[in-house]
1. Please list, ordered by chain and number, the residues whose modelled amide H lies under 5 Å from the amide H of A71; skip anything fewer than 5 residues away on the same chain.
2. Amide H of V159: which non-local residues (sequence gap of 5 or more, or other chain) have their own amide H closer than 5 Å, using H built in the peptide plane?
3. For mean projected area of the Cα convex hull in nm², one of (i) 17.0; (ii) 32.7; (iii) 12.0 was computed from the structure I shared and the rest are decoys. Which label?
4. Once neighbouring chains are kept in place and the probe is 1.4 Å, which whole percent of the accessible area of the chain is contributed by carbon and sulfur?
5. Which percentage, to the nearest 5, of the DSSP beta bridges contained in the chain is antiparallel?
6. If you plug each phi of region 76-87 into the Karplus form 6.51 cos²θ - 1.76 cosθ + 1.60 with θ = phi - 60°, what whole-Hz ³J(HN,Hα) values come out, in order, with x for Gly and Pro?
7. Please give the per residue accessible area of the chain, computed with a probe of 1.4 Å over protein heavy atoms only, in Å².
Amino acid sequence: MTGKTTARRHRRAALGLAAAALLLAACASTAPNALYGLNAPSDFVSGQKRSVQILVATPRALSALDTSNIAVVDKGPSYSYFPQAAWADQLSNVVQAGLVQTLENTNRLKGVGLAGEGLLIDYQLQTELRAFQLQVDGADRAVVEIAAKLVNDRNGRTVDSRVFSAVVPSGGTGVEQAVAAMNSASGQVFREMAAWVLSKV
């Protein structure tokens, strides 16, 4: 092996290491600096407990919303996302966790859970995320819209279906303002959905 061949190989190896370092730096720079969750309503009025168990299915959503990115929507609709900020998980999982916690917080159901947890399910709560974003095509506001279907797990029949929605002014376009407004809007929707479920089981 000549000295020139060895030098070329060393240069290629050095370039490969430099490229890998740049790739790692790029990945680090795009990682979110802050992760956000949703608060589940907890101040429910006590009442008679139902001897039923409910499975909360993973919400369906378009790929624009089925992400950990926090959506900002302009007219069109045109989707963009806050840089270096994200939900704590895929939005569908974050909403599912919020719904489970909200139903548990009512203290009116025998059990609430997810698929694979071994519950003897009486009803399934199936949902679709239709909107979960900061809307900036006019007055800045959080928009949350969730379509829900309550299904009798014993016979597969739909008990009822309904669309829940809430709009809350954000007072600005910063990520903290957006998340606070989305938390407020989702809290309204979760609370209304819990009351609806309890009225049907």
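1. Residues meeting the criterion, in which the H sits 1.01 Å from N, are L134.
2. Distant-sequence amide H within range of V159: L150, V151, N152.
3. Here mean projected area of the Cα convex hull in nm² agrees with entry (i).
4. Of the solvent-accessible surface of the chain, carbon and sulfur hold 51 percent.
5. Values: 28 of 42 bridges.
Of the beta bridges lying entirely in the chain, close to 65 percent run antiparallel.
6. x, x, 10, 9, 9, 9, 5, x, 6, 8, 7, 5
7. Numbers: 10870 Å² over 201 residues.
Computed with neighbouring chains in place, this is 54 Å² per residue.
The values are calculated or read from the model by the stated rules, or taken from the named source; none is laboratory data. Keep in mind the model is a prediction, meaning the values are calculated, not measured. For the accessible areas, the whole protein counts, side chains as well, though only heavy atoms, and no ligand, DNA or RNA atoms are used. Shrake-Rupley method; radii C 1.70, N 1.55, O 1.52, S 1.80 Å.
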